[in-house]
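Structure below; questions to follow.
The values are calculated or read from the model by the stated rules, or taken from the named source; none is laboratory data. Note that the structure is predicted; figures quoted are calculated from it, not measured. Here the Cβ is made from the backbone with ideal geometry for all residues, glycine too, and neighbour counts use every protein chain on show.
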Amino acid sequence: MTSRADDLDGRPGSSPGEALPGGAPRRVFLETYGCQMNVADSELVRGLLARDGWVVVPDPAEADAILVNTCAIRENAEERVLGRFTQLLQHKQTRPGVQLGLLGCVATHQRERLLDRAPWIDLIVGPDGYRDLPELLRGGTDPRIEVRLDRDETYADLAPDLAPGPRAFLTVMRGCDKFCTFCVVPFTRGRERSLPAEAVLEQVRSAVGEGKREVVLLGQTVNAWRHDGLDFGDLLRRVARVPGVERIRFTSPHPSDVGESMIDAMAGEEKVMPWLHLPLQSASDPVLAAMQRGYGLDEYRRLLERIRERIPGIAVSTDVIVGFPGETEADFEATENFLRETRYDFAYLFKYSAREGTRAWKIEETVDEAEKGRRLERLIALQEAISLERHREQVGREAEVLVEGPSKRPPGHVHGKTRDFKTAVLPGDGIEAGDLVRVRIEDATAHTLLARPLGIASTLEGVGRSASVTRESGRPEGDVTSR
Ligand code: SF4
């Protein structure tokens, strides 16, 4: 695609990527949609652009480049992206030098149609093309599209610009080799690649140096991480040895990649938190086979039993899709019954929607939208009741909360996560973001534990770090599924 920025930019001496007249730095606005991997990619992009002299601004009206990091997982991604870009076009119309850039999975998945429908988008860059962004923004290549999938790109050498908050999300592997029939990820993010262990450890050390107390290792199938003869369990053990790391989480593992080494690390390492997100998708063997998930229900059930045996009290969450082509009422009921049996702590529940380019795209749909909606409502009601029961079991117990910042309500309260990834809200007097607080759980809803502080176990200053920690905002927290 040919950029029109140069034609439209009336400002002398302000070619893209260079400082503005008077030496003012170029300003970029970056908006992110989708899963935690995308949020982490945006941190990577911010780091890259900062090294190229760009300054991140919070308002598109102030920006010389407006970038939108997109997600192709949900329905109508193309329409939603176009809708957003149509809103953002006003900035280009009033300030013609502004560049509009589309990043992320939609860039890879829908580039042809987007080029046709929105030729005024200046650059289109997929998840493996971010290294070229500074050059692309300078207008140094024409057309300004970089959507090739790269089997080697891990960005292992690039430091992300981490968002504020006590938790760091660090990508340790990219891509996916599983090709579940409903999923676009292998087509938008390419094949599996693991960062070297030393690169991960360096990022963890750097995050700790910035005041992070918890690290979340990310990957589309994070436990498929392998490098130089090490497996994911080895990586967890090495991360746990980094001085200053207090909590370690990871998401999302794939059931087929859970090995004894990983379970051993979870059971044996105090710093690996007792929470596991283990996507199920369906509890019907025929549906699992049609999804090509690579496991059957018995295998999944036995795996979960083994994990719960080895790590008593572990919280478990999952993903479920209802209405996959061919899912009968009996298949759906099998899933409903399995949720009852398993009593997940929480679950991300979705209606199936076909994604162009996937194998399931070609399978005729058999469950209409109304029926999908009905099944989804049934599962939501069931899971809400289970989550409430699970939360109520916590009342009267003590827990440790890593405080993230002020709670939206009630006033004067803060919120944070327990070791098993439950959201707790507590009175905030004398408590700062980044504090680890001992609490007693006094009440519970399906989504939140209401807690009373018993004492601050440790503060950021108490562990000898000085980074200022403010409230994390805008994170689709927990929305880090393997889908
Ligand atoms: S659902 Fe997860 S495991 Fe399956 S193809 Fe998508 S990213 Fe890979």
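One line per residue, one yes/no per condition, for (1) surrounded by 16 or more Cβ atoms within 10 Å (Cβ to Cβ); (2) modelled with pLDDT under 95; (3) touching a Pro at 6+ places or on another chain (Cβ under 7 Å):
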site: 104; (1), (2), (3): yes, yes, yes
site: 107; (1), (2), (3): yes, yes, no
site: 112; (1), (2), (3): no, yes, no
site: 115; (1), (2), (3): no, yes, no
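Check off (1) modelled with pLDDT of 95 or more; (2) within 16 Å of the ligand (Cβ to nearest atom); (3) touching a Leu at 6+ places or on another chain (Cβ under 9 Å) for residue 188 and give me the number that stays unchecked.
Every condition holds for residue 188 apart from (1).
Which members of segment 48-67 meet the condition of being out of contact with any Pro (no Cβ under 6 Å at 6 or more places or on another chain), buried (at least 20 other Cβ atoms within 10 Å of the Cβ) and within 9 Å of residue 28 (Cβ to Cβ)?
49, 54, 63, 64, 65, 67
Then there's this: Of the numbered conditions (1) of a type outside the set (Ser, Thr, Tyr); (2) surrounded by fewer than 17 Cβ atoms within 10 Å (Cβ to Cβ); (3) more than 24 Å from the chain's Cα centre (by Cα), residue 336 satisfies every one except a single condition; which is it?
Unmet for residue 336, out of (1) of a type outside the set (Ser, Thr, Tyr); (2) surrounded by fewer than 17 Cβ atoms within 10 Å (Cβ to Cβ); (3) more than 24 Å from the chain's Cα centre (by Cα): (2).
Pairs needed: first member in segment 156-174, outside the structural domain of residue 402 (by TED's automatic domain parsing); second member anywhere, in a strand (DSSP E or B) and surrounded by fewer than 17 Cβ atoms within 10 Å (Cβ to Cβ); C-beta distance under 6 Å; at least 6 residues apart or different chains.
Pairs found: none.
Regarding segment 292-315, can at least one residue be identified that is within 15 Å of the ligand (Cβ to nearest atom) and over 24 Å from residue 219 (Cα atoms)?
Within segment 292-315, none of the residues are within 15 Å of the ligand (Cβ to nearest atom) and over 24 Å from residue 219 (Cα atoms).
Oh, and also: How about segment 410-431: which of its residues are charged (D, E, K, R) and at pLDDT 95 or above? Give the steps one after another, and end with the answer.
Narrowing segment 410-431 to residues charged (D, E, K, R): 417, 419-420, 422, 429.
Once the filter is applied, which keeps residues that are charged (D, E, K, R) and at pLDDT 95 or above, segment 410-431 yields 417, 419, 420, 422.
Kindly check whether there is at least one residue in segment 315-335 that is closer than 25 Å to residue 445 by Cα and assigned to a helix (DSSP H, G or I).
yes
Applying the selection to segment 353-391, what residues are within 30 Å of residue 445 (Cα to Cα) and among the hydrophobic types (A, V, I, L, M, F, W, C)?
Selection gives 370, 376, 379, 380, 381, 382, 385, 386, 388.
Right, something else. Pairs under 6 Å by beta carbon, first residue farther than 14 Å from residue 298 by Cα in segment 264-286, partner modelled with pLDDT of 95 or more and of a type in the set (Phe, Trp, Tyr), six or more apart or different chains?
275/421
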